[in-house]
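Worksheet: the structure to be examined is printed underneath.
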Amino acid sequence: MKNTLEKDIKELYALGDELFIHPQLGYKEFENKRILTEYFKKHGLEVEDLGFRTAFKVSIGSGEPHIGLIAELDAIPTLGHPFANKEDYAAHSCGHSTQCAIMAYTLVHLKDVIKNGTITLYFTPAEEFTDIAFRKQLIKNKEINYIGGKVNMLTAGQFDDEDLFIHLHTMGQGDYRFSLNTALSGFIYKEITFKGKATHAAVAPDKGINALNAFILFDNAINMLRETFREEDFIRIHGILSNGGQTVNSIPEKTVYECYVRAMNPEALKKTAAKVDNAAKCCAKAIGASAVIKSTPGYLPMNQSRLVNDVIRKNMLKHCKLEEIHDDEISMAAGDIGDLSVFKPTVQFGYSGFSGNCHGKDLCIADKEWAYYKPAKVVYDTVTYLVNHPEYVQKIKDDFKPLMSKEEYLAYLG
């Protein structure tokens, strides 16, 4: 006899397909929100708007324990993806649309079987740290307070009532069926503007100060600093030159470099960011230029709840062998789920069913059973176990210690 999840599986696949072909960037996910809202209304569930343009939640049940689920709405710019939109090349090349389908479908099927506890599913905007100019304008207009969606929701107290949170994310193409206890990095976003002096590049280069040369000197300094990075800190510095000069016929007066500084622990992140700032200022000064540095806190490293993942592992093993689960992976990716994990027992597990690379134009759904149904069943069975074992949820809560106070977090965000 088929279980209730498997019986309606075509509905899950149809929902996922519709979301996948309607990608939008963060704080613009109105179409995915509409599709999901209509889906919930069809199944008799009310949607509660949470502000920040597109954030919303859906709850079932009542009382304790209170389990939180997370799904991310946004896409990412991906040139050449077959389903990229024409407006800003947004595509679901990070698989967020599958999260939304999995969690929505699972919640609908939990509502008739859950007798104890509350389950709240949050749909969060803008996990991808992109489209920065647009988001800064939203901040200026007081529509949002921070770049990341969960950061806005966290500081607004929207995750305060839940005992723990479960999130999931595609691994892209790979050799494993699932992943558990993955470590995610933290990062700081920097915009560094090198300022020089423009003159005619052919007639009077001696009268100018070449801002592009200041950047080139700085870029070499960063490469020389790499030998000082400890392997256990997993430090990464990567960026783009978003403005290399104003015209070929003039000495560049301004160049702009945007980058991420990443690390696996906050202290290494802080020290490396200081090294980058020092290199920019000193290299600019060396040739008579100057450097203006704007730093924006990105996301904090992920702090996985191993007690929650112990339950998830047992439910994964209903579908695969132990060796098909990638445990304790160290990933240099980052997400604002890391910020939530500072304050609440939180997990993010990985799932397969895709071909191509995450954030690549070739990412697509290759096996719907593994991209949708199998992870949905893991979430379904995990939530069912947790709400029926409140003593274990209490153990999870007792085992967890917040890594920051809210006051410290707000100070970090600036």
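No value in this document is a laboratory result; all are computed from the given coordinates. Note that the coordinates shown come from a computational prediction; the quantities given were computed from them, not determined experimentally. All Cβ positions, glycine included, derive from the backbone under ideal geometry; neighbour counts span all protein chains shown.
Odds and ends about this structure:
- Cα-projected label distance for residue 115 with residue 270, points at 7 Å along beta-carbon direction, nm: 5.1
- Gyration tensor (alpha-carbon) shape descriptor, the chain, a/c threshold 1.5: prolate
- Filter on 41/377; 197/270; 10/397; 42/140 - keep pairs with C-alpha separation over 26 Å: 197/270; 10/397; 42/140
- Difference of contour (0.36 nm per residue) and Cα-Cα distance, residue 155 to residue 397: 85.1 nm
- Dipole moment magnitude, nearest 20 debye, region 186-297 about Cα centre, only Lys, Arg, Asp, Glu C-beta charged: 280
- For region 1-154, the square roots a ≥ b ≥ c of the C-alpha gyration tensor eigenvalues yield an a/c of 1.5 or more together with a/b not exceeding b/c, which makes the shape oblate.
- With the helix formula -39500 (n - 2.57) applied to DSSP H stretches of n ≥ 4, the chain reaches a computed 222 nm mean residue ellipticity of -10500 deg cm²/dmol.
- The trypsin sites (Lys or Arg not before Pro) of region 237-340 that meet both conditions, a loop assignment by DSSP and at most 16 other Cβ atoms within 10 Å of the site Cβ, are 318, 321.
- For region 211-220, 3J(HN,Hα) per residue [Karplus equation, 6.51 cos²θ - 1.76 cosθ + 1.60, θ = phi - 60°, Hz, x = Gly/Pro]: 5, 5, 5, 4, 5, 4, 4, 4, 4, 5
- Here the relative contact order of the chain, from alpha carbon pairs under 8 Å that lie six or more residues apart, stands at 21 percent.
- Prolate/oblate/rounded label for region 186-297 (Cα gyration tensor, a/c 1.5): prolate
- Relative contact order computed over region 186-297 (Cα-Cα under 8 Å; 6+ residues apart), in percent: 44
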